[in-house]
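This report concerns only the one structure given below.
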Amino acid sequence: MSISVEPQRRPRRWALMVPLVLFAALAGLFYVRLYAGDPARLPSALIGRPVPEFKLEPLAGVPLPGFETADLKAGGVSIVNVWASWCVPCRDEHPHLIDLARDRSIAVLGLNYKDVADNARRFLGQLGNPYTRIGVDRDGRTAIDWGVYGVPETFVVDGQGRIAFKHVGPITPDILESRIRPAIERARAAR
């Protein structure tokens, strides 16, 4: 009586590779979707539309008024910068806002987002204050109405109170010259 033993089958290599290849493809897709896009080019449904209705109280301890919708319909081009003291990129962009504020023909307004007043005052004391008005958005509701994704974000508003341009992320020298200043000029010409 002879017992036959069949040789043990080895799994084919390609069968082992299929899950690995699928995982790598999905990981690559997730990476591209998360990191390859330019967040500064996120579309905004508010471009060309009136700014939302809002009224922000001033930052306590700073001798500047808050602001509201009517202040953005005063006839001149305005910059609305969404910032917070806890935002590291806000610190990086701040010198460029000070540079922008040297142009007295535009108003640079600060929307202080979910911040502590003492920290916001300290931030401005250390870095300087480019703003002509500062409004405090303690709960983030106004920022939501503006379509803010996160801080910093900067809006160019024309003299009729329409959002003419939106920049997501910190302002750099290149962005200031290639995107924001041209948007200001287009907003001026749209009168």
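Numbers below:
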read-out	value
Cα centre as origin, Lys/Arg/Asp/Glu Cβ charges: the range 40-189 dipole, Debye	200
Cα gyration tensor shape for the range 40-189, rounded if a/c is under 1.5, else prolate or oblate	rounded
Sum of side-chain charges, Gly61 neighbourhood, beta-carbon under 9 Å (Lys, Arg +1; Asp, Glu -1)	0
Furthest towards positive pole of dipole, Val168, Ile47, Pro63, structure part the range 40-189, Cβ charges	Ile47
The range 40-189: antiparallel DSSP beta bridges as a percent of all, rounded to 5	60
Between the range 72-130 and the range 170-188, the alpha-carbon center distance in angstrom	16
Shape call, the range 99-169: gyration tensor on alpha carbons, a/c limit 1.5	oblate
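Bear in mind these aren't lab numbers, they're just calculated from the coordinates by the rules spelled out. Here the structure is a predicted model, which means the values were calculated and not measured. No Cβ is skipped: glycine too gets one built from the backbone with ideal geometry, and neighbour counts run over all protein chains shown.
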